[in-house]
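S.K.: Before I ask anything, here is the structure I am working with.
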Amino acid sequence: MNSKIGRRGFLQKSGVAAVGLSVLPKAAFGSQPARAANRAPGDKLRIVGVGVGGRGFAVLKNLESQEIVGLCDVDHRYAKSCFDYFPKAKKYWDWRKMFDEMGDQFDAVMVATADHTHAIIAATAITMGKHVYVEKPLTHTVYESRLLTKLAEKHQVATQMGNQGASEEGVSLVKEWIQNGEIGEVTRVEAFTDRPIWPQGLNTPTQGQWVPDYLNWDLFVGPAKMRPFNEIYTPWNFRGWWDYGTGALGDMACHILHPVFKGLNLGYPTKVQGSSTLLLNDSAPVAQKVQLTFPKRAKAGKVNMPEVDVHWYDGGLQPLKPDNWPAGKDMNVQGGGVLFYGTKDILHVGCYGREPWLLSGRKPNAPKTERRVSLSHEMDWVRACKETPANRVQPTSAFHEAGPFNEMVVMGVLAVRLQSLNKELHWDGVNMRFTNINDDETIRTVVADGFEIKDGHPTFAKTWTDPVKAKDFAAELINHTYRNGWKLPEMPK
Ligand SMILES: NC(=O)c1ccc[n+]([C@@H]2O[C@H](COP(=O)([O-])OP(=O)(O)OC[C@H]3O[C@@H](n4cnc5c(N)ncnc54)[C@H](O)[C@@H]3O)[C@@H](O)[C@H]2O)c1
């Protein structure tokens with residue numbers, strides 16, 4: 001780790017933003033209509049990327065037939081390959097500055113930052129009338145998902161969450177098979193991922209490190225609470241830290257549960273519960289188990305949609321195999337798998353909706369009711385950006401669906417983080433609140449797990465937070481209080 005400290009590093013170390021602005025871009029305050037309208041149909045879409053060192057670079061390469069006009073990253077060393085690949089694009093540290101300076105020079109934004117900043121960047125862009133492609137998970141909280149759903153509807157921009165399986169054959173097949181009655185009524189689903197493959201279950205570093213010259217830590221932290229920099233947080237490992245990521249479930253469920261949400265026409269869950277290996281205050285647990293219950297829905301196609309329990313496992317745990325599971329066959333296909341238990345058959349499908357098959361061996365031949373995407377997931381979004389709101393064919397993971405779906409995903413995080421209330425939690429989806437957390441309940445979590453051999457004796461010592469009001473704790477997880485200077489646009493009525 002480079003411990004050299006430059007001016008920026010020093011300023012950040014002392015808690016002062018060297019480059020950061022403390023306000024949102026001017027343009028974000030006005031509500032403007034989608035701008036693509038004044039561009040000719042044959043024109044290239046002018047795209048800016050925020051968070052381009054990892055997945056963002058791959059997404060931008062899939063968009064390179066368009067014009068990549070601006071790039072923003074808080075880590076100019078990690079983003080260098082992308083910066084070099086698009087030499088004509090203007091380079092920025094702070095997306096607010098980019099939006100301010102280039103507001104009239106781009107049509108669309110690609111967001112692939114750490115999870116906790118997806119919402120503020122995308123919401124600001126939408127209020128400026130920009131189309132948005134946002135990596136999964138769409139947001140860090142339920143409230144942020146609801147906000148993006150409503151803003152996208154209000155501003156009539158083209159939107160896409162980056163769960164690319166949505167544009168593949170498998171997700172469509174699963175929906176068509178289920179809704180053609182091929183497996184009967186589904187009351188239980190079991191799903192899992194083999195993640196995390198990044199560190200989780202860690203004690204919070206007790207010592208900060210000097211912020212290297214190539215990183216703007218203040219801008220990385222953004223709306224979250226400030227903490228001393230440590231290289232364990234970024235790049236990539238943010239996934240395992242609650243302030244920035246959503247653990248294994250948040251990382252993978254947008255891929256793995258998408259055929260479940262779509263195939264079963266799910267909406268808001270009504271009951272949730274979770275458990276895990278040691279739950280720490282800052283770092284997501286090594287392994288988790290979650291159950292989300294969805295109420296009965298309207299009949300879809302040929303099949304009734306009764307109440308259904310969706311079970312989730314991660315950290316190496318898997319559901320038990322059904323009786324007729326072929327011995328020796330791995331349930332894990334490219335990062336996870338799903339078992340749909342129907343009254344007539346069991347359907348297994350891999351991550352991204354890949355390789356669906358029925359355990360009976362029967363090959364369904366259901367009518368193809370879903371639109372197939374011949375372009376890539378990214379280019380299907382570009383197509384939609386160039387259509388007018390009135391004639392737009394929605395991309396396969398537009399926010400009217402991705403928003404509620406992501407609420408389901410981050411509800412899994414809530415279930416795990418509220419597990420010590422020791423009950424099934426009842427969720428009022430419309431009003432975004434738990435209805436059975438009482439005023440007098442408190443909750444505390446483990447700050448650090450201390451284990452030492454002292455004089456030859458194993459010694460256990462956990463440090464706990466003080467008890468806090470459980471209702472307030474839950475409310476903060478549902479809708480974060482942003483750090484001073486960072487603000488989401490208002491929720492449309
Ligand atoms: N769809 C997929 O298959 C897929 C695959 C990988 C990652 N992802 C998603 O993409 C997102 C990024 O993941 P990753 O693996 O690329 O992580 P990463 O840490 O490798 O890359 C994130 C990049 O964003 C930058 N960044 C962070 N905060 C920023 C900010 N506020 N402004 C500008 N730049 C910022 C980082 O410096 C880094 O370059 C995550 O939400 C992740 O879930 C999706």
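The values are calculated or read from the model by the stated rules, or taken from the named source; none is laboratory data. No experiment lies behind these values; they were computed from the predicted model shown. Cβ placement follows ideal geometry from the backbone for every residue including glycine, while neighbour counts extend to all protein chains displayed. Ligands, DNA and RNA are excluded from the accessible area calculation, which covers all protein heavy atoms including side chains. Shrake-Rupley method; radii C 1.70, N 1.55, O 1.52, S 1.80 Å.
S.K.: If I go through the stretch 113-136 residue by residue, how many of them are out of contact with any Leu (no Cβ under 7 Å at 6 or more places or on another chain), touching a residue at least 40 places away in the same chain (Cβ under 8 Å) and not β-branched (Val, Ile, Thr)?
M.R.: Qualifying residue count, the stretch 113-136: 10.
S.K.: Taking the residues in the stretch 232-253 that are out of contact with any strand residue (DSSP E or B) (no Cβ under 9 Å at 6 or more places or on another chain) and either over 30 Å from TYR352 (Cα atoms) or not basic (Lys, Arg) (or both) as candidates, determine which candidate is nearest to the ligand (Cβ to nearest atom). Reasoning before the result, please.
M.R.: Applying the first criterion (out of contact with any strand residue (DSSP E or B) (no Cβ under 9 Å at 6 or more places or on another chain)) to the stretch 232-253 yields 236-239, 243-246, 250.
If we keep only those that are either over 30 Å from TYR352 (Cα atoms) or not basic (Lys, Arg) (or both) too, we end up with 236-238, 243-246, 250.
Details: TRP236: 4, ASN237: 8, PHE238: 6, ASP243: 12, TYR244: 8, GLY245: 8, THR246: 8, GLY250: 8 Å.
So, considering only residues that are out of contact with any strand residue (DSSP E or B) (no Cβ under 9 Å at 6 or more places or on another chain) and either over 30 Å from TYR352 (Cα atoms) or not basic (Lys, Arg) (or both), the one nearest to the ligand (Cβ to nearest atom) is TRP236.
S.K.: Additional query: Could you list, in sequence order, all residues of the stretch 139-151 that are open to solvent by less than 10 Å² (accessible area, probe 1.4 Å) and closer than 9 Å to PHE399 by Cα? Before you say what the answer is, go through the steps one by one.
M.R.: As a first pass, look at the stretch 139-151 and keep what is open to solvent by less than 10 Å² (accessible area, probe 1.4 Å): 139, 141-142, 144-145, 147-148, 151.
Residues satisfying the conditions are SER145, LEU148.
S.K.: May I pose another question? How many residues are open to solvent by 40 Å² or more (accessible area, probe 1.4 Å) and either under 17 Å from VAL416 (Cα atoms) or not in a loop (DSSP other than H, G, I, E, B) (or both) if we restrict to the stretch 439-458? Walk me through it before giving the result.
M.R.: Within the stretch 439-458, the first condition is being open to solvent by 40 Å² or more (accessible area, probe 1.4 Å), and the residues that meet it are 439-440, 442, 444, 447, 449, 451-458.
In the following step, the residues that additionally are either under 17 Å from VAL416 (Cα atoms) or not in a loop (DSSP other than H, G, I, E, B) (or both) were identified as 442, 444, 447, 449, 451-454, 457-458.
The number of residues fulfilling the criteria is 10.
S.K.: I'd like the full set of residues that are modelled with pLDDT of 95 or more, open to solvent by 30 Å² or more (accessible area, probe 1.4 Å) and either of a type in the set (Phe, Trp, Tyr) or over 18 Å from THR117 (Cβ atoms) (or both), limited to the stretch 471-493. Outline the logic, then answer.
M.R.: Here is the first cut: in the stretch 471-493, the residues modelled with pLDDT of 95 or more are 471-492.
After this cut, where a residue has to be open to solvent by 30 Å² or more (accessible area, probe 1.4 Å) as well, the list is 471-473, 475-476, 479-485, 487, 490-491.
Within the stretch 471-493, LYS471, ASP472, PHE473, ALA475, TYR482, GLU490, MET491 qualify.
S.K.: Within the stretch 297-313, is there a residue that is in contact with a strand residue (DSSP E or B) (Cβ under 6 Å, 6 or more places away or on another chain) and polar (S, T, N, Q)? Give the derivation first.
M.R.: Of the residues in the stretch 297-313, the ones in contact with a strand residue (DSSP E or B) (Cβ under 6 Å, 6 or more places away or on another chain) are 297, 305-306, 308-313.
Subset that is polar (S, T, N, Q): none.
Within the stretch 297-313, none of the residues are in contact with a strand residue (DSSP E or B) (Cβ under 6 Å, 6 or more places away or on another chain) and polar (S, T, N, Q).
S.K.: Is there any pair linking a residue in the stretch 230-250 that is among the β-branched types (Val, Ile, Thr) to one that is part of a helix (DSSP H, G or I) and more than 8 Å from the ligand (Cβ to nearest atom), with Cβ under 9 Å and at least six apart or on different chains, and which?
M.R.: Filtered contacts from the stretch 230-250: ILE232/GLY240; THR234/TRP217; THR246/HIS116; THR246/ALA253; THR246/VAL409; THR246/VAL410; THR246/GLY412; THR246/VAL413.
S.K.: Has the stretch 31-41 got at least one residue that is away from the ligand (no atom under 11 Å from the Cβ), at pLDDT 95 or above and not β-branched (Val, Ile, Thr)? Reasoning before the result, please.
M.R.: Our first condition is that a residue be away from the ligand (no atom under 11 Å from the Cβ); within the stretch 31-41, this holds for 31-41.
Add one more test, that the residue is at pLDDT 95 or above, and what stays is none.
Looking through the stretch 31-41, none of the residues is away from the ligand (no atom under 11 Å from the Cβ), at pLDDT 95 or above and not β-branched (Val, Ile, Thr).
S.K.: Does the stretch 60-74 hold any residues that are in contact with a strand residue (DSSP E or B) (Cβ under 9 Å, 6 or more places away or on another chain), more than 8 Å from the ligand (Cβ to nearest atom) and not in a loop (DSSP other than H, G, I, E, B), and which are they?
M.R.: Taking the stretch 60-74 and keeping what is in contact with a strand residue (DSSP E or B) (Cβ under 9 Å, 6 or more places away or on another chain), we get 60, 63, 66-74.
With the extra rule that they be more than 8 Å from the ligand (Cβ to nearest atom), the set shrinks to 60, 63, 66-71.
Hits for the stretch 60-74 are LEU60, GLU67, ILE68, VAL69, GLY70, LEU71.
S.K.: Of everything in the stretch 334-372, what is open to solvent by 20 Å² or more (accessible area, probe 1.4 Å) and within 14 Å of HIS258 (Cβ to Cβ)? Give them in sequence order.
M.R.: GLN334, TYR352, ARG354, PRO356, GLU370
S.K.: Just need a number here: residues in the stretch 186-231 that are among the β-branched types (Val, Ile, Thr) and within 12 Å of the ligand (Cβ to nearest atom).
M.R.: Going through the stretch 186-231 one residue at a time, the tally reaches 2.
S.K.: For the stretch 46-58, which positions are in contact with a strand residue (DSSP E or B) (Cβ under 7 Å, 6 or more places away or on another chain) and either of a type in the set (Phe, Trp, Tyr) or more than 8 Å from the ligand (Cβ to nearest atom) (or both)?
M.R.: Passing the criteria: ARG46, ILE47, VAL48, GLY49.
S.K.: Condition first: assigned to a loop (DSSP other than H, G, I, E, B) and either in contact with an Asp or Glu (Cβ under 7 Å, 6 or more places away or on another chain) or of a type in the set (Val, Ile, Thr) (or both). Now tell me which residues in the stretch 248-281 satisfy that. Give the derivation first.
M.R.: Here is the first cut: in the stretch 248-281, the residues assigned to a loop (DSSP other than H, G, I, E, B) are 257, 264-270, 277-279, 281.
Listed by number, the residues that qualify are TYR268, THR270, THR277, LEU278.
S.K.: Could you grab me the full set of residues in the stretch 73-92 that are open to solvent by less than 50 Å² (accessible area, probe 1.4 Å) and either aromatic (Phe, Trp, Tyr) or over 22 Å from the mean Cα position of the chain (by Cα) (or both)? Lay out the reasoning, then the answer.
M.R.: Filtering the stretch 73-92 for residues open to solvent by less than 50 Å² (accessible area, probe 1.4 Å) gives 73-76, 79, 82-83, 86, 89, 92.
Those that are open to solvent by less than 50 Å² (accessible area, probe 1.4 Å) and either aromatic (Phe, Trp, Tyr) or over 22 Å from the mean Cα position of the chain (by Cα) (or both): HIS76, CYS82, PHE83, PHE86, ALA89, TYR92.
S.K.: Also, quick follow-up: For VAL52, which of the numbered conditions (1) open to solvent by less than 10 Å² (accessible area, probe 1.4 Å); (2) part of a helix (DSSP H, G or I) fails to hold?
M.R.: (2)
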